[in-house]
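Here's the structure, in structure tokens; my notes come after.
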Amino acid sequence: YQTNFKMFQKQSKSIKIVFSKNVHPLKGFSISLFILTICFLICYYIFFKYEDSHKFSYSEYIQVGGMGIIGMGFLSSFLRRYAYSSLGLNYLMFCMIILESTIVIGLITYGIGIQIIPLDFRLLLQSQYCAVCGLISMGAVMGRLSPHQLLWVMMLEVPFFVLNVVFIGQLKSQVLQLPALKSVDVGGGLYVHVFGAYYGLCISYLFSKRGTGSSHPK
């Protein structure tokens, strides 16, 4: 029995070594990215219908998008070790957060039912604010998390962001009946910058190793 147990231990170790050599570290990231994209596209096909809105200007939409892609993107490229990767991940996370936040904000605002959610510039503009909030949080954990971890952390932030916006009173919901603060938030200081900063700090605290201080490279 002991000899069989030792042989089993040797075989399990060899299997782990082979598995770690053959599997690429970004394989899980690519699989998760593919599955999330397919799920988002299915939700867009089922729940949404594009509508041209004349109340909101296209220039406002472009300005917020430029702030997220160009401003926040190149702002995170100051890291010496992660300059190129942070810029690429910034663009990718910006697109993925917009895809998810459009679905979450639309379902929270209009509800899940027979009604088709109108996909207009107003909804896309709110999704861009959510994406900017995610990029602010990503700046606190840049270089500490792998792309796979960063993807799921950003996807997890979107529902909490929407709950925060509904609670502050910047978004009217037919599903969630929360007591709104009805605060005047000029420029999105509360629900974009403050929430994104504190969410990034919480994630940084959870993923930081013990004993790491300002002298640690990560």
Say whether the condition of being touching a strand residue (DSSP E or B) at 6+ places or on another chain (Cβ under 6 Å), part of a helix (DSSP H, G or I) and either open to solvent by 30 Å² or more (accessible area, probe 1.4 Å) or basic (K, R) (or both) is met by at least one residue in the range 97-115.
-> yes
Under 6 Å by Cβ, and 6 or more places apart or on different chains, what pairs join a residue from the range 40-59 that is at pLDDT 85 or above with one that is part of a strand (DSSP E or B)?
-> F47/I117; F48/I117; F48/L119
Is at least one residue of the range 64-71 over 19 Å from M155 (Cα atoms), open to solvent by less than 60 Å² (accessible area, probe 1.4 Å), out of contact with any strand residue (DSSP E or B) (no Cβ under 8 Å at 6 or more places or on another chain) and at pLDDT below 75?
-> no
Taking only pairs six or more apart or across chains, which ones have beta-carbon atoms under 7 Å, a first residue in the range 63-79 that is under 13 Å from L89 (Cα atoms), and a second residue that is of a type in the set (F, W, Y) and buried (at least 18 other Cβ atoms within 10 Å of the Cβ)?
-> G68/F94; I69/F94
Considering only residues that are surrounded by fewer than 20 Cβ atoms within 10 Å (Cβ to Cβ) and among the small types (G, A, S), look in the range 84-96 and name the one that is modelled with the lowest pLDDT.
-> S85
May I ask you to list the residues in the range 116-132 that are open to solvent by less than 20 Å² (accessible area, probe 1.4 Å), of a type in the set (V, I, T) and either more than 25 Å from Q63 (Cα to Cα) or under 11 Å from the mean Cα position of the chain (by Cα) (or both)?
-> V132
Here the qualifying pairs (Cβ atoms under 7 Å; residues six or more apart or on different chains; first in the range 152-167 and on the phi < 0 side of the Ramachandran plot; second open to solvent by 10 Å² or more (accessible area, probe 1.4 Å) and acidic (D, E)) come out as M155/E100; V158/E100
Confirm whether R81 is in contact with a Lys or Arg (Cβ under 8 Å, 6 or more places away or on another chain), open to solvent by 20 Å² or more (accessible area, probe 1.4 Å) and not in a helix (DSSP H, G or I).
-> no
Please state which one of L135, L151, L145 is in contact with a Phe, Trp or Tyr (Cβ under 8 Å, 6 or more places away or on another chain), of a type in the set (A, V, I, L, M), buried (at least 18 other Cβ atoms within 10 Å of the Cβ) and at pLDDT below 85.
-> L145
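The values are calculated or read from the model by the stated rules, or taken from the named source; none is laboratory data. Here the structure is a predicted model, which is why all the values come from computation and not from measurement. Ideal geometry is used to build each Cβ from the backbone, glycine not excepted, and the neighbour counts take in all protein chains shown. Protein only, heavy atoms only, side chains kept; ligands, DNA and RNA dropped before computing areas. Shrake-Rupley method; radii C 1.70, N 1.55, O 1.52, S 1.80 Å.
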